[in-house]
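The values are calculated or read from the model by the stated rules, or taken from the named source; none is laboratory data. Just so it is clear, the structure is predicted and the values come from calculations on it, not from any experiment. Cβ placement follows ideal geometry from the backbone for every residue including glycine, while neighbour counts extend to all protein chains displayed.
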Amino acid sequence: MLEIEERLKQKLAQEEASRKKWEAIFLQKTGATLALIPDLEAGLEKAMRAEASFRDLNYGYVGGAGDCAEVKQLMAEVRFAPTDDPIIKRGDGTKLTESAKEAWLTLQRTKNPAIANAIARQKVVAFELENLHISVEMAKRKLDNVRSVLALRTAQANFLGQRSV
């Protein structure tokens with residue numbers, strides 16, 4: 001009889017431990033975490049659309065490592081446009097050397113207001129695009145983190161469900 005009572009006490013202790021584990025999982029408020037997913041997905045979509053829209057609206061000012069299309073176009077116009085700059089306009093009929101011409105073009109990047117403004121706008125656009133890209137990446141990470149937490153909680157529930165049966 002004592003042996004039966006001892007086994008019953010052990011069984012009750014195991015069931016109590018299992019119940020406490022399940023309570024711990026339910027106290028994690030998985031439902032609230034699950035409810036975050038649609039909001040995070042909407043935030044990610046909004047950030048991605050904002051980045052795409054900004055990129056589309058400023059396509060002429062989006063450049064890689066070098067100049068954007070707008071700056072290249074303005075530089076080409078300056079390169080071939082007639083000018084009254086005394087450096088280019090020589091009275092003796094001699095032509096500028098290629099290196100002197102390149103130096104003059106480089107100088108135009110700061111002296112020519114249209115080119116200087118285009119370069120400044122390219123920098124602003126690049127900065128804003130980077131900010132938007134960071135927003136997209138952070139939204140992705142938040143969504144991935146919530147999904148990871150839910151996967152962990154699901155694994156815990158599956159493990160405890162197998163152990164308590």
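Are any residues in region 95-116 in a helix (DSSP H, G or I) and either at pLDDT 95 or above or of a type in the set (A, V, I, L, M, F, W, C) (or both), and if so, which ones? Write out each step before concluding.
Narrowing region 95-116 to residues in a helix (DSSP H, G or I): 98-111, 113-116.
The answer is A100, A103, W104, L105, L107, A114, I115, A116.
Restricting to region 29-69, what's the tally of residues that are of a type outside the set (D, E, K, R), assigned to a loop (DSSP other than H, G, I, E, B) and surrounded by 15 or more Cβ atoms within 10 Å (Cβ to Cβ)? Let's see the steps before the verdict.
At the first step, the residues of region 29-69 found to be of a type outside the set (D, E, K, R) are 30-38, 40, 42-44, 47-48, 50, 52-54, 57-66, 68-69.
So of that shortlist, the ones also assigned to a loop (DSSP other than H, G, I, E, B) come out as 58, 62-66, 68.
Now drop any that are not surrounded by 15 or more Cβ atoms within 10 Å (Cβ to Cβ), which leaves 58, 62-63, 68.
Residues meeting the conditions: 4.
Identify, please: which residue in region 117-140 is within 8 Å of the chain's Cα centre (by Cα) and of a type in the set (S, T, N, Q) and is, among those, surrounded by the fewest Cβ atoms within 10 Å (Cβ to Cβ)?
Looking at residues that are within 8 Å of the chain's Cα centre (by Cα) and of a type in the set (S, T, N, Q), I get N131.
Is it fair to say Q14 is out of contact with any helix residue (DSSP H, G or I) (no Cβ under 7 Å at 6 or more places or on another chain), polar (S, T, N, Q) and either surrounded by 11 or more Cβ atoms within 10 Å (Cβ to Cβ) or modelled with pLDDT of 75 or more (or both)? If you could, list the steps in order and put the result at the bottom.
On the way: out of contact with any helix residue (DSSP H, G or I) (no Cβ under 7 Å at 6 or more places or on another chain): yes; polar (S, T, N, Q): yes; either surrounded by 11 or more Cβ atoms within 10 Å (Cβ to Cβ) or modelled with pLDDT of 75 or more (or both): yes.
Here the answer is yes, as Q14 does meet what is asked.
Name the residue, out of G60, G91, that is at pLDDT 70 or above and among the small types (G, A, S). Let's see the steps before the verdict.
Numbers: G91 fails: at pLDDT 70 or above.
From the options G60, G91, the qualifying one is G60.
Quick one: what pairs do we get from region 19-40, first residue modelled with pLDDT of 70 or more, second not aliphatic (A, V, I, L, M), C-beta under 7 Å, 6+ apart or different chains?
Matching pairs, first to second residue: T30/R153; L40/K142.
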